[in-house]
2 protein chains.
Amino acid sequence: MFENKNTTPLSELGEFGLIDHLTKTFPVFHPSTYKGIGDDAAVMNFTDGQTLVTTDLLIEGIHFDLSYMPLKHLGYKSVMVNLSDIYAMNAHPTQITTSIAVSNRFPLEALEELYSGIDLACKNYKVDLVGGDTSSSKTGLIISITAMGQAQKEKITYRYGVKPNDLLVVSGDLGGAFMGLQVLEREKEVFKVNPNNQPDLALYSYCVERQLKPEARKDIIELFEELEIIPNAMIDVSDGLSSEIFHLCKDSQVGCHVYEEKLPADPQTSSTAEEFKMNSSTALLNGGEDYELLMAIKTEDYEKIKGHPLLTTIGHFTEQKEVCNLITGLGQSIPLEAQGWKNFKSGAST
Amino acid sequence: MFENKNTTPLSELGEFGLIDHLTKTFPVFHPSTYKGIGDDAAVMNFTDGQTLVTTDLLIEGIHFDLSYMPLKHLGYKSVMVNLSDIYAMNAHPTQITTSIAVSNRFPLEALEELYSGIDLACKNYKVDLVGGDTSSSKTGLIISITAMGQAQKEKITYRYGVKPNDLLVVSGDLGGAFMGLQVLEREKEVFKVNPNNQPDLALYSYCVERQLKPEARKDIIELFEELEIIPNAMIDVSDGLSSEIFHLCKDSQVGCHVYEEKLPADPQTSSTAEEFKMNSSTALLNGGEDYELLMAIKTEDYEKIKGHPLLTTIGHFTEQKEVCNLITGLGQSIPLEAQGWKNFKSGAST
């Protein structure tokens with residue numbers, strides 16, 4: 001990474017010059033952004049509806065691996081992770097702040113790459129960068145992003161609010177980001193043995209992109225506005241489907257039936273799981289980082305979403321508090337297991 | 001730190017159980033806090049005035065040293081650093097979010113200590129913790145805090161807005177936190193040579209407390225409300241007085257005269273500087289982390305603040321753009337130097 005190029009050490013720039021340099025191309029989209037980068041705090045006009053705030057801390061070696069994660073993609077994904085949390089509340093993200101810490105192995109050009117990804121994310125999703133902060137770290141790259149958003153009070157969806165008989169619906173498809181990670185980890189091991197080996201990732205392009213450049217589901221929120229749907233509850237699939245289902249059931253004091261055969265998967269996810277001799281359902285149920293939206297839809301809204309290409313009904317909620325069952329392809333009902341976060345490994349946002 | 005006690009490894013708790021455990025004692029003070037910890041995002045009702053947001057990333061070994069910084073104090077100070085940025089906008093902080101990453105050398109009891117300091121800060125300053133996030137780190141402790149606040153638009157003070165002839169006023173006294181750091185660093189070196197040596201910090205208690213447990217200047221904002229003063233500009237002294245003066249002058253396109261003899265110092269700061277064979281003015285002008293407020297006060301407000309024990313007039317602004325001079329005790333005028341942040345070392349918030 002940048003080893004063979006003419007690079008600029010960060011020590012050549014003052015810290016304030018650095019923030020100016022990195023953020024000068026960022027536009028402002030929202031009238032609620034009154035004063036962005038450059039003072040002790042950013043100032044916003046939030047006079048309409050409610051304000052949402054979420055934050056995530058991403059640490060090299062824990063949440064990402066720079067040996068296969070390009071910095072531009074990392075910048076983009078870091079923003080997506082946060083925007084996804086705002087969309088999961090059925091709200092629109094409006095502003096972000098970014099704090100970056102880097103060790104001295106990162107030249108200016110590395111930070112420029114990272115910020116180009118943040119910039120692209122801000123432009124694609126029309127979000128304003130209102131606060132910036134760069135500092136040193138001792139060992140690697142640390143990224144902390146806070147996202148703010150806005151929504152009318154009556155539209156906001158929480159993890160609670162599910163009613164028995166609501167439909168369990170998920171956007172897009174699942175397990176792709178997890179299988180992409182398996183492919184990248186395998187290529188990393190191959191590279192360690194033979195650095196001259198050129199990986200051919202073309203066969204896995206969908207899964208790898210799901211891992212390296214996920215998109216937050218802005219389109220789903222817009223679809224709900226168009227269809228005049230407000231889910232009874234919603235959460236984003238960051239830790240894995242099972243784990244998120246448990247959150248909805250726990251916070252709403254309901255149970256659910258999930259149909260294994262209904263779980264949406266891209267054909268490449270299934271074929272890659274097969275190649276890795278992995279049960280495809282494991283990837284679909286427990287693989288994280290898909291950043292899809294999982295929601296409880298009222299039965300009376302079923303006609304509105306039926307057959308919609310972006311949404312799949314994968315089950316329904318029941319009155320049995322916190323009893324979550326997976327109905328297998330053979331019709332057996334087995335307890336769903338949340339393998340996502342039994343251990344203290346990584347983080348979840350609030 | 002915790003080595004000899006019966007401790008609980010974090011791996012024994014699920015991540016979600018951990019956040020619940022650490023934050024269960026936190027009260028809610030503000031009606032604007034609609035939904036705190038426990039969903040994809042926190043939800044606030046900001047319907048009155050403007051909203052302020054600031055964020056800081058604090059990293060072990062860069063921003064703090066756990067060999068002399070007790071975890072409870074660290075939690076407290078991490079909140080203060082952020083609240084200070086909100087007060088510097090002449091606004092009231094209302095909510096914070098905290099993201100913590102720790103390596104596995106930290107048991108549960110260490111995080112409890114850290115959160116007890118965050119809790120105390122929230123209670124003392126009436127701020128709501130609305131978002132929590134814990135994750136792993138590879139090497140040490142990382143703390144990211146975002147603070148939000150509220151103020152009426154016409155009361156918010158920026159770094160720009162200074163008028164020539166405005167008075168340069170600072171709260172409290174300066175250089176104490178810097179001298180406290182020198183004392184603590186010296187004791188650390190002594191301890192390395194002789195671990196049985198019991199440091200006697202009583203002689204330096206004021207300076208050490210300024211370093212380990214600073215207070216954000218809520219009282220100054222309340223004083224301004226009482227005196228009906230709105231400064232033309234304000235900034236907090238986190239990086240050092242000189243550096244902050246340059247920020248005000250640059251953003252307001254003015255110059256200033258600062259009187260060395262007027263700089264407020266606690267007697268202990270001066271005597272400790274003397275003991276360290278250090279020019280006391282260096283500590284006052286360039287020592288950071290005092291978290292005092294530095295402001296431009298209109299001349300017509302001078303009578304209101306004259307002789308007030310919390311405020312000291314240390315100079316005045318001039319029309320000479322970005323020309324900042326220090327008037328020494330001997331009456332000489334020399335260019336002020338901002339030594340605080342010439343190098344890319346640590347961070348500044350926005």
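The values are calculated or read from the model by the stated rules, or taken from the named source; none is laboratory data. Since the structure is predicted, the reported quantities are computational estimates derived from the model, not experimental observations. Cβ coordinates were reconstructed from backbone atoms using ideal geometry, including for glycine residues, and neighbour counts include every protein chain displayed.
At a glance:
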| quantity | calculated |
| --- | --- |
| Restricting segment B:135-149 to residues that are crowded, with 21+ Cβ neighbours inside 10 Å and not small (Gly, Ala, Ser), the residue that is farthest from B:Tyr76 (Cα to Cα) | B:Met148 |
| Answer from B:Lys163, B:Lys123 - the residue that is more than 14 Å from every other protein chain (Cβ to nearest Cβ), within 22 Å of the chain's Cα centre (by Cα), over 20 Å from B:Leu241 (Cβ atoms) and surrounded by fewer than 24 Cβ atoms within 10 Å (Cβ to Cβ) | B:Lys123 |
| Lone unmet requirement of (1) touching an Asp or Glu at 6+ places or on another chain (Cβ under 6 Å); (2) more than 20 Å from B:Thr97 (Cα to Cα); (3) within 13 Å of another protein chain (Cβ to nearest Cβ) for A:Gly61 | (1) |
| Single residue of segment A:220-252 satisfying the filter (among the acidic types (Asp, Glu) and within 14 Å of another protein chain (Cβ to nearest Cβ)) that is nearest to the chain's Cα centre (by Cα) | A:Asp236 |
| Filter result (under 9 Å from B:Cys324 (Cα atoms) and surrounded by 24 or more Cβ atoms within 10 Å (Cβ to Cβ)) within segment B:242-253 | B:Ile245, B:Cys249 |
| Residue check for B:Ser32: of a type in the set (Ser, Thr, Tyr), surrounded by 24 or more Cβ atoms within 10 Å (Cβ to Cβ) and more than 7 Å from chain A (Cβ to nearest Cβ) | no |
| Helices (runs of 4 or more DSSP H) contained entirely in segment A:149-243, each with at least 3 residues that are touching a residue at least 60 places away in the same chain (Cβ under 8 Å) and under 23 Å from B:Lys35 (Cβ atoms) | A:218-227 |
| Filter result for B:Leu294 (in a helix (DSSP H, G or I) and aliphatic (A, V, I, L, M)) | no |
| Residues within segment B:80-99 that are over 30 Å from B:Gly161 (Cβ atoms) and either of a type in the set (D, E, K, R) or more than 8 Å from chain A (Cβ to nearest Cβ) (or both), tallied | 1 |
| The one condition in (1) touching a strand residue (DSSP E or B) at 6+ places or on another chain (Cβ under 7 Å); (2) of a type outside the set (Ser, Thr, Tyr); (3) over 20 Å from B:Thr54 (Cβ atoms) that A:Asn6 fails to fulfil | (1) |
| Any chance B:Pro70 is more than 9 Å from every other protein chain (Cβ to nearest Cβ) and surrounded by 19 or more Cβ atoms within 10 Å (Cβ to Cβ) | no |
| Test result for B:Ser171, under 27 Å from B:Ser280 (Cα atoms), at pLDDT 95 or above, within 14 Å of the chain's Cα centre (by Cα) and not acidic (Asp, Glu) | yes |
| B:Leu168 vs. criteria under 22 Å from B:Tyr259 (Cβ atoms), touching a Cys at 6+ places or on another chain (Cβ under 7 Å) and of a type outside the set (Gly, Ala, Ser) | yes |
| Candidate set: segment B:123-148, residues that are hydrophobic (A, V, I, L, M, F, W, C) and part of a loop (DSSP other than H, G, I, E, B); chosen: the one farthest from B:Phe106 (Cα to Cα) | B:Val127 |
| All positions within segment A:189-219 that are modelled with pLDDT of 95 or more, more than 14 Å from every other protein chain (Cβ to nearest Cβ) and either crowded, with 18+ Cβ neighbours inside 10 Å or in contact with a Phe, Trp or Tyr (Cβ under 7 Å, 6 or more places away or on another chain) (or both) | A:Tyr204, A:Cys207, A:Val208, A:Arg210, A:Gln211, A:Leu212, A:Lys213, A:Pro214, A:Glu215, A:Lys218 |
| Out of A:Thr8, A:Thr47, A:Thr25, sole residue that is over 27 Å from B:Leu141 (Cβ atoms), in a loop (DSSP other than H, G, I, E, B), among the β-branched types (Val, Ile, Thr) and away from chain B (no Cβ under 12 Å) | A:Thr25 |
| Test: residue in segment B:94-103 that is surrounded by fewer than 19 Cβ atoms within 10 Å (Cβ to Cβ) and either touching a strand residue (DSSP E or B) at 6+ places or on another chain (Cβ under 7 Å) or not assigned by TED's automatic domain parsing to the domain that holds B:Glu189 (or both) | yes |
| Single residue of A:Ile230, A:Ile221 found to be under 20 Å from A:Pro164 (Cα atoms) and among the aliphatic types (A, V, I, L, M) | A:Ile230 |
| Index of the failed condition, B:Asp20 passing every other in (1) charged (D, E, K, R); (2) surrounded by fewer than 19 Cβ atoms within 10 Å (Cβ to Cβ); (3) within 13 Å of chain A (Cβ to nearest Cβ); (4) in a loop (DSSP other than H, G, I, E, B) | (4) |
| Qualifying residue in segment A:268-280 (condition: surrounded by 17 or more Cβ atoms within 10 Å (Cβ to Cβ), in the same structural domain as A:Gly172 (by TED's automatic domain parsing), within 28 Å of A:Ala91 (Cβ to Cβ) and not aliphatic (A, V, I, L, M)) | no |
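Residues are listed down the side, and each one gets a yes or a no for (1) in contact (Cβ under 8 Å) with a residue 40 or more places away in the chain; (2) within 25 Å of A:Tyr291 (Cβ to Cβ); (3) assigned by TED's automatic domain parsing to the domain that holds A:Phe224:
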residue: A:Glu109; (1), (2), (3): yes, no, no
residue: A:Tyr125; (1), (2), (3): yes, yes, no
residue: A:Gly132; (1), (2), (3): yes, yes, no
residue: A:Lys138; (1), (2), (3): no, no, no
